[in-house]
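Inspection log for the structure reproduced underneath, given as structure tokens.
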Amino acid sequence: MVIGKNRNGQILINETAIRHNVQQAVDRLPRGTELFAVVKADGYGHGAVVAARLAKQAGATGFCVAILDEAIQLREAGFVTEPILVLGLTDVAQLALIAKYQITVTVADVAWLHDAQRVKQALGLTTPIKFFLALDSGMGRIGLQTPAEVDTFVRDYATLHPDFEWQGVYTHFATADSPDQEYFDFQVANFRELLAQFPHRPRYVSVANSATDLWHSIPEANLVRYGVAMYGLNPAGTALTPPFPLVPALSLTSELVYVKQVQSGRSIGYGATYQVDTPQWIGTVPMGYADGLRRDLQGFFVLINGQRCPIVGRVCMDQLMVKLPKHLPVGTKVTIIGSDQEQTISLQEMAEYCHTIHYELACGFSTRVPRLYYAGDAQTKGLR
Ligand SMILES: *Cc1c(COP(=O)(O)O)cnc(C)c1O
């Protein structure tokens, strides 16, 4: 999709906030523990390359992404030496690219290693393929689940070894963001049981996403995979308070492009779901669900001149309408996410309104919304 460079609407990214959020996490790491910045999904919508650069400045020593193309994007942007771990599974058919770009892949069963070895030898690739082994301690997504599977893996690896470099092992928690500790503890116990099968530990042992890093501590681990919190978003929503304030980096602004008075008896938007019962001022904002704003934001708010103004009628693909307190000129700034004077609309509040999580909204903003970067401050201004 084209980037809308010449439109009235943009995502603003506070670079200082991202650097600050990463720095806070790096400062708390036990000695010998590293932090890889998770910049998958275009840095959760914030821009992967910029997010990676800021995280590196703040002390991140590597990166995690979800798919091989995201890893290649970082290499081509100039991150040539840092480890880049692909958290999803990569097909052995991509082995030449994995080797060329020196990407670390996730391996979740021993069959992958056998297949990869065949491909590697057929292609005559000489450099060892770096990998992390995924252990499924209870997330139920990818990874070895039982000590027997780990045993087989370790035994086969001994014969496959020269073709590979076993760099690390990781697991992923399903409930690290919950005040209820029970399932988390169950996963930790499973993880320890699996880890006990290893004749020796690989260089990296990783258990922590943002939530695990913020609210738990597992002494065996020495690598944090720091994602959503680096963008200033609380992984628990509002269920748990982070040990230090996170500063949201993203705001989204636009402006009124059309303002009119509407008489009673008329409706606003598709389906005529908002009926005008007294004459009122209605403004049109040129952003819609094709930009990543949810259609179910009808009834939610935007900020204009420091005041909350309701979104009236259904959000259209490219435009939405708001009820104004009075006539306001075309060109008046509209804050869809962020602060305006004393008022703030956070991604968290918007996500709650749409019955989802801020993660989904952040990575759902379309590429047609331009991302503009600025050096802001590292204040939270009462964001939740
Ligand atoms: C996305 C992801 C992370 C980062 O999670 P956050 O909650 O954003 O910190 C870490 N590990 C894995 C395996 C992931 O898929």
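Across region 214-230, the qualifying residues are those that are more than 18 Å from Leu85 (Cα to Cα) and assigned to a helix (DSSP H, G or I), and the one among them that is farthest from the ligand (Cβ to nearest atom) is Trp215.
Condition test on Val169, is it touching a Gly at 6+ places or on another chain (Cβ under 9 Å), among the β-branched types (Val, Ile, Thr) and free of Cβ contacts under 8 Å to residues at least 60 places away in the same chain?
Working: touching a Gly at 6+ places or on another chain (Cβ under 9 Å): no; among the β-branched types (Val, Ile, Thr): yes; free of Cβ contacts under 8 Å to residues at least 60 places away in the same chain: yes.
No.
Remark: Asp296 falls outside the filter, which requires a residue to be out of contact with any strand residue (DSSP E or B) (no Cβ under 6 Å at 6 or more places or on another chain) and open to solvent by less than 50 Å² (accessible area, probe 1.4 Å).
The listed residues are Pro199, Pro179, and the only one of them that is in the same structural domain as Pro83 (by TED's automatic domain parsing) and under 23 Å from Leu233 (Cα atoms) turns out to be Pro179. Among the residues of region 250-260, is any of a type outside the set (D, E, K, R), within 16 Å of the ligand (Cβ to nearest atom) and closer than 30 Å to Val49 by Cβ? Yes, there is a match, as at least one residue in region 250-260 is of a type outside the set (D, E, K, R), within 16 Å of the ligand (Cβ to nearest atom) and closer than 30 Å to Val49 by Cβ. The set of residues in region 25-68 that are part of a helix (DSSP H, G or I), within 12 Å of the ligand (Cβ to nearest atom) and open to solvent by 50 Å² or more (accessible area, probe 1.4 Å) contains only Lys40. Taken over region 181-212, the criterion of being near the ligand (Cβ under 10 Å from one of its atoms) and open to solvent by 20 Å² or more (accessible area, probe 1.4 Å) is satisfied by Asn209 alone.
Exactly one residue out of Val80, Val105 is free of Cβ contacts under 8 Å to residues at least 12 places away in the same chain and outside any helix (DSSP H, G or I), and it is Val80.
Conditions (1) open to solvent by 40 Å² or more (accessible area, probe 1.4 Å); (2) on the phi > 0 side of the Ramachandran plot, marked per residue:
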position: Ala239; (1), (2): yes, no
position: Val247; (1), (2): no, no
position: Ser251; (1), (2): no, no
position: Ser254; (1), (2): no, no
position: Gln261; (1), (2): yes, no
position: Gln275; (1), (2): yes, no
position: Trp281; (1), (2): yes, no
position: Met287; (1), (2): no, no
position: Gly292; (1), (2): no, yes
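Are any of the residues in region 118-138 among the acidic types (Asp, Glu), within 16 Å of the ligand (Cβ to nearest atom) and in the same structural domain as Ala71 (by TED's automatic domain parsing)? Yes, the conditions are met somewhere in region 118-138. Filter region 86-95 down to the residues that are in a loop (DSSP other than H, G, I, E, B) and within 16 Å of the ligand (Cβ to nearest atom) and list them by number. The answer is Thr90, and nothing else.
Screening the candidates Leu160, Leu125, Leu195 for the property of being under 21 Å from Gly32 (Cα atoms) and aliphatic (A, V, I, L, M) yields one hit, Leu195. Counting only residues that are closer than 17 Å to Arg201 by Cα and part of a helix (DSSP H, G or I), region 115-147 holds 1 of them. Would you mind stating whether Ile98 is under 25 Å from Thr171 (Cα atoms), under 26 Å from the mean Cα position of the chain (by Cα), more than 16 Å from the ligand (Cβ to nearest atom) and modelled with pLDDT of 95 or more? When the stated conditions are applied, Ile98 passes them.
Matching residues to (1) assigned by TED's automatic domain parsing to the domain that holds Glu220; (2) within 19 Å of the chain's Cα centre (by Cα); (3) without any contact (Cβ under 8 Å) to a residue 12 or more places away in the chain:
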position	(1), (2), (3)
Ile3	no, no, no
Val22	yes, yes, no
Val26	yes, yes, no
Leu29	yes, no, no
Asp42	yes, yes, no
Val50	yes, yes, no
Lys56	yes, yes, no
Ile67	yes, yes, no
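From the list Leu293, Leu233, Leu297, the lone residue that is within 16 Å of the ligand (Cβ to nearest atom), at pLDDT 95 or above, of a type in the set (A, V, I, L, M) and within 29 Å of Asn8 (Cβ to Cβ) is Leu233. Inspect all residues belonging to region 323-344 and state whether any of them is free of Cβ contacts under 8 Å to residues at least 60 places away in the same chain, open to solvent by less than 20 Å² (accessible area, probe 1.4 Å) and more than 16 Å from the ligand (Cβ to nearest atom). Scanning region 323-344, I find no residue that is free of Cβ contacts under 8 Å to residues at least 60 places away in the same chain, open to solvent by less than 20 Å² (accessible area, probe 1.4 Å) and more than 16 Å from the ligand (Cβ to nearest atom), so the answer is no.
The values are calculated or read from the model by the stated rules, or taken from the named source; none is laboratory data. Keep in mind the model is a prediction, meaning the values are calculated, not measured. Don't worry about glycine lacking a Cβ; one is built from the backbone with ideal geometry, like all the others, and counts go over all protein chains shown. Surface areas here come from the heavy atoms of the whole protein model, side chains and all, with no ligands, DNA or RNA. Shrake-Rupley method; radii C 1.70, N 1.55, O 1.52, S 1.80 Å.
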